[in-house]
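Below is one structure, written out as structure tokens; comments come after it.
Values in this text are rule-based calculations from the coordinates and carry no lab data. The shown structure was predicted, so the numbers you read here are calculated from the model rather than taken from an experiment. Using ideal geometry, Cβ is built from the backbone for each residue, glycine included, and neighbour counts are taken over all protein chains shown.
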Amino acid sequence: MNDVLALPDDAATRRLGAALAAGIAPGRLLFLSGDLGSGKTTLVQGLVRALGYPGRIKSPTYSMVEVYKLSSLNLYHFDLFRFTDRSEWLASGFREYFTPHSACVVEWPERAGGLLPAPDLEIRLEFSGAGRSARMTSRSAAGRDWVADTLQRWSQG
């Protein structure tokens, strides 16, 4: 499944994140791709806030991972932008976070050089006029259900 949504502003990008929140669950993996400033972290802010996290939600560009302990799950938000080759992924120790008991969101997944597990859902954010667009591609049965649920929530918006 491959669906494209128009995101005219940051509020719409956060709204997409909120629509995705209902489908995040232990064992789920979401990849976010796009140019710098295309809204990857903004989308995660909407997702994490919709899950009830009251604190600051920031980009993990320098820490490389932000951990959100929520009542229903542990969510790990990775930003691999600073990786220059796959050996950094191997040396990072991040592999241990990808378990059936945690949910992971990865910005810049291509920087791991193909060493990440297969995602349930990939979202590519692109600049589109004054706003952005989000192309959602499911990569598993769980991902197909996640997209369908997200689109339903988005349309009720």
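Brief remarks on what is shown
- Some residue of the range 122-145 being in contact (Cβ under 8 Å) with a residue 40 or more places away in the chain, on the phi < 0 side of the Ramachandran plot, crowded, with 18+ Cβ neighbours inside 10 Å and aromatic (F, W, Y): no
- Selection of the range 77-101 for residues being crowded, with 19+ Cβ neighbours inside 10 Å and either assigned to a strand (DSSP E or B) or of a type in the set (D, E, K, R) (or both) yields H77, F78, D79.
- The set of residues in the range 84-123 being among the charged types (D, E, K, R), out of contact with any strand residue (DSSP E or B) (no Cβ under 7 Å at 6 or more places or on another chain) and closer than 18 Å to S140 by Cα is empty.
- Sole exception among (1) more than 17 Å from the chain's Cα centre (by Cα); (2) within 17 Å of V44 (Cα to Cα); (3) not β-branched (V, I, T) for G93, by number: (2)
- Just so you know, in the range 27-48 the residues that are among the small types (G, A, S) and in a loop (DSSP other than H, G, I, E, B) include one that is surrounded by the most Cβ atoms within 10 Å (Cβ to Cβ), and it is G39.
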